Amino acid sequence: MAKAKPIAAVSAEPTNEPRRAKGGRKLTARRKLIDAAYRVMRTKGLESSTIAEIVEEADVGVGSFYNHFTSKEELAQAVFSTVVEEFGAALEQVTRKQPNAAISTCFAIRRLIEQAERDRAWAAFIIQLEPSLQMLDRLLRDHARVGVQMGVDSGMFRVDDVEFAITAIHAVTIAIVKATLEGQITHKAAHRASALPLRMVGVSEEEANRLAALSMTALRKEARTTGGKDSQPKEDKAR
């Protein structure tokens, strides 16, 4: 099968919902197709998945597919949009509950790396489809904006220009993810590289490397902890 081409006409925003039929049947069928496509693409990858397999998995007719999507690639964008929204909501929960901006930022970066490594659908979306990068770009920027501002307000991050810091974090994170997916760096190196964005916003080398070296299990525990002794920068605690 030929490599999937970017679908320039597909919006990065999930705004093209079909009109509701009686009982919401159209919306239900659309969601069934999205869920089924995710399951199939996660197992087989984007290129190897077929419309026939997706329709069968969704238990809907081929005609129903074309009522909602013009191609497999357009459906793939809808899948990624849905997954990105859910992923972003999960990151937002961590950011709100964890007052330590370094921990929440490191967790977000490493969680994204982990998701891309584990999920073939994510990997295909990020590498092959340009609109997917646009969605991911917006997700990372929105999350980084909250995290960086929180870090600046707490005195943990030291940056002169918040928007520039957001752009830098975003660029490094995307580069790490793509390098990992393309086999240019190892799993361990990718997670250790999450220290780089932290150092860029003024986190000490010791703390940045400590967070980057933690297992994901240990980092999750820290990310879920509210308050506590690690919620303030070391300089403040020493005063």
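Annotations
- Across region 172-194, the qualifying residues are those that are free of Cβ contacts under 8 Å to residues at least 60 places away in the same chain and closer than 17 Å to Met216 by Cα, and the one among them that is surrounded by the fewest Cβ atoms within 10 Å (Cβ to Cβ) is Lys188.
- Only helices (runs of 4 or more DSSP H) whose full extent lies in region 36-130 are considered here, and the ones with at least 1 residues that are over 12 Å from the mean Cα position of the chain (by Cα) and among the acidic types (Asp, Glu) are 51-58, 72-97.
Every number here is computed from the coordinates shown, using simple stated rules; none is lab data. Treat the numbers as computed from the prediction; the structure is a model and nothing was measured. All Cβ positions, even for glycine, are placed from backbone atoms using ideal geometry, and neighbour counts span all protein chains on display.
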